[in-house]
1. So B:MET79 clears everything in (1) part of a helix (DSSP H, G or I); (2) buried (at least 22 other Cβ atoms within 10 Å of the Cβ) except one condition, right? Which one?
2. Among the residues that make up segment B:146-162, is at least one of them over 30 Å from A:ARG234 (Cα atoms), touching a residue at least 24 places away in the same chain (Cβ under 8 Å), in contact with a Cys (Cβ under 7 Å, 6 or more places away or on another chain) and not aromatic (Phe, Trp, Tyr)?
3. Consider segment A:227-266. How many of its residues are part of a loop (DSSP other than H, G, I, E, B), within 18 Å of B:ALA234 (Cβ to Cβ) and either touching an Asp or Glu at 6+ places or on another chain (Cβ under 6 Å) or more than 11 Å from chain B (Cβ to nearest Cβ) (or both)?
4. Which pairs do you get when a residue that is more than 17 Å from A:GLU163 (Cβ to Cβ), found in segment A:197-214, comes within reach of a residue that is modelled with pLDDT of 90 or more and among the basic types (Lys, Arg), reach meaning Cβ atoms under 7 angstrom, with the pair 6+ apart or on two chains?
5. Could you check segment B:223-250 and list, in sequence order, the residues that are within 14 Å of chain A (Cβ to nearest Cβ), surrounded by 19 or more Cβ atoms within 10 Å (Cβ to Cβ), of a type outside the set (A, V, I, L, M) and touching a residue at least 12 places away in the same chain (Cβ under 8 Å)?
6. Quick one: in segment B:82-126, of everything that is away from chain A (no Cβ under 14 Å) and of a type in the set (Lys, Arg), which residue is surrounded by the fewest Cβ atoms within 10 Å (Cβ to Cβ)?
7. Six or more apart or on different chains, Cβ atoms under 8 Å: show the pairs whose first residue is in segment A:107-131 and free of Cβ contacts under 8 Å to residues at least 60 places away in the same chain and under 12 Å from A:GLU163 (Cβ atoms) and whose second is aromatic (Phe, Trp, Tyr) and not in a loop (DSSP other than H, G, I, E, B).
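The values are calculated or read from the model by the stated rules, or taken from the named source; none is laboratory data. Just so it is clear, the structure is predicted and the values come from calculations on it, not from any experiment. In this analysis, Cβ positions are derived from the backbone assuming ideal geometry, glycine residues included, and neighbour counts consider all displayed protein chains.
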Amino acid sequence: MLGFDFIPVITFLRWLESIILELGDEMQRVCMWIRSSGNIGLHLLWRIMHLILSIWYFVVGLLNVLESFVITSGWLKRYKTLDTSQVKYLAVVVDSEEARQTLKILELLRWLEAIGFKNVCLYDNEGVLKKSKDALMLWLKSEKMSKEATSEPLLEQKYMNLEVLSFSDGRRAVAKVANILLERHYLSAEMEKPNLTESDMTNALGEIGYGGSDPDLMLVYGPARCHLGFPAWRIRYTEIVHMGPLKSMKFGALVKAIHRFTMVHQNYGK
Amino acid sequence: MPHGASKHWAQQSRIRHEPTGSNPNSNLSKLNLKPELMPKHVTVIMDGNRRWAKSRGLPVHLGHRAGGQAMTQLALNCMKFGVQVVTVFAFSRENWVRPKEEVDFLMNVFEDVLKLDLKELILQKDMRLSVVGNRSQLPESLQNLASSSEELAKSNRGMRLILALNYSGRYDITQATKNIAAKVRNGVLQVEDINESLIEQHLKTNRIEFPNPDLLIRTNGELRVSNFMLWQLAYTELLFVDKLFPDFNEADLIDALAAFQRRQRCYGGHKY
């Protein structure tokens with residue numbers, strides 16, 4: 001069991017699930033017809049099929065939970081030692097509706113800190129996380145301080161560097177940079193035809209406070225598999241992993257995503 | 001190169017057309033695809049040509065040749081399913097670091113695809129064509145061919161294929177900023193006019209009906225956008241598939257479109 005790879009099984013069951021979802025409308029029509037027909041045999045058959053499908057969903061959910069448990073327990077060798085040094089900067093994108101679950105965000109940050117990430121960027125489109133930032137930092141620091149009081153006093157405890165962004169840090173920041181570069185390069189009478197470069201853009205973004213590091217890995221929590229407007233300038237080579245809804249987040253899934261990233265080799269166009 | 005390999009691939013260079021007269025909507029319903037949920041703009045990062053060739057013991061350049069054919073077939077399939085804009089990431093500004101021989105061969109593949117396959121789609125399928133990226137670094141023959149192909153397709157009204165050659169997302173944003181700044185300097189625009197909408201209007205995708213992709217497909221199992229359409233992909237559904245691009249066929253496209261239709265779309269509260 002410890003060496004068994006659940007991935008092909010889960011992949012197969014997800015394929016079956018997608019087939020079932022595709023038949024949604026037709027299934028609904030069949031259900032209505034059976035109910036109206038009054039045929040007890042058909043009704044019983046329908047119930048049996050419903051039971052089988054429910055068992056399928058249950059098994060899929062169980063396998064996900066089991067996989068996460070196995071990873072969390074450290075039974076799978078490959079997930080036991082996680083090398084986070086390759087993830088110098090981690091971005092976490094959260095759907096704004098889900099970002100209101102502050103306790104879930106805090107739990108996620110605790111996990112990230114426990115895994116060893118020192119530089120984390122939280123993002124949501126509407127700026128919900130910006131409002132929670134102070135509370136989140138306070139919670140994390142107070143937990144750290146209470147651990148310090150009971151642990152080795154000589155151990156230096158460093159807090160996580162937490163950057164929190166929203167839509168205004170992305171596209172609007174680029175528009176602001178355009179203004180600055182216009183004044184610097186174009187409105188000056190000296191230069192006939194200045195050559196604006198990507199480095200100029202990067203430097204200008206840094207000057208006005210929007211020059212954070214490019215994330216190596218981005219975890220997206222929410223229903224949609226998009227990065228929801230995360231600052232475009234910073235995600236050239238960022239690995240993007242969709243983690244599903246925040247309410248269903250699992251430590252095992254987080255570890256698995258990070259482990260997968262550590263196995264990746266980037267060519268950078270070569 | 002194995003004997004007969006080039007002949008094999010020459011025989012493969014045919015676009016597979018559907019029989020004429022078939023009803024597109026009935027075809028879609030047979031495939032469980034809803035026309036009203038079809039993504040208007042699909043973009044594809046065509047990754048995996050070299051791995052495809054290596055896995056078959058073939059030289060890398062044959063992988064690119066197969067990729068070129070797969071790209072043309074992809075365009076045709078998208079046309080069939082009612083996608084209105086398709087953007088393909090053919091060559092990145094970062095790809096110049098590859099061996100010169102490979103880069104030269106790629107440029108030849110692009111010329112062949114433009115001269116033959118895409119020309120056929122322009123003339124017979126009413127396809128429109130745009131080439132985006134920094135053309136000045138491309139071979140002159142390819143630059144001329146790109147321009148003449150766009151000119152040939154100018155009056156067409158069908159699906160638009162955007163070929164991203166020597167393109168990068170950061171370059172796109174930088175050029176847009178540069179163009180806006182020049183317009184302000186020349187009095188065409190005011191400084192107060194500069195905002196994110198104005199930048200979007202000056203990107204390379206500014207002249208098309210649906211500038212922001214609804215769906216991005218990247219082959220070869222990589223989970224990143226590699227400096228492609230950075231601005232435009234803010235609310236694009238990202239679909240990363242393991243298949244290598246030359247193997248990405250009609251069935252895979254159908255799966256991708258079906259997956260898109262099943263997913264919840266997110267627009268971030270912004271209008272397109």
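1. Condition not satisfied by B:MET79: (2).
2. Yes, some residue in segment B:146-162 is over 30 Å from A:ARG234 (Cα atoms), touching a residue at least 24 places away in the same chain (Cβ under 8 Å), in contact with a Cys (Cβ under 7 Å, 6 or more places away or on another chain) and not aromatic (Phe, Trp, Tyr).
3. Here the count works out to 1.
4. A:GLU198/B:ARG170
5. Passing the criteria: B:SER226, B:ASN227, B:PHE228, B:TRP231, B:GLN232, B:TYR235, B:THR236, B:GLU237, B:PHE240.
6. B:LYS115
7. Going by the 8 Å Cβ cut-off, the qualifying pairs are A:LEU129/A:TYR123.
Matching residues to (1) surrounded by fewer than 14 Cβ atoms within 10 Å (Cβ to Cβ); (2) of a type in the set (A, V, I, L, M, F, W, C); (3) at pLDDT 75 or above:
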site	(1), (2), (3)
A:GLU26	yes, no, no
A:GLY61	yes, no, no
A:LEU76	no, yes, no
A:ALA91	no, yes, yes
A:GLU98	no, no, yes
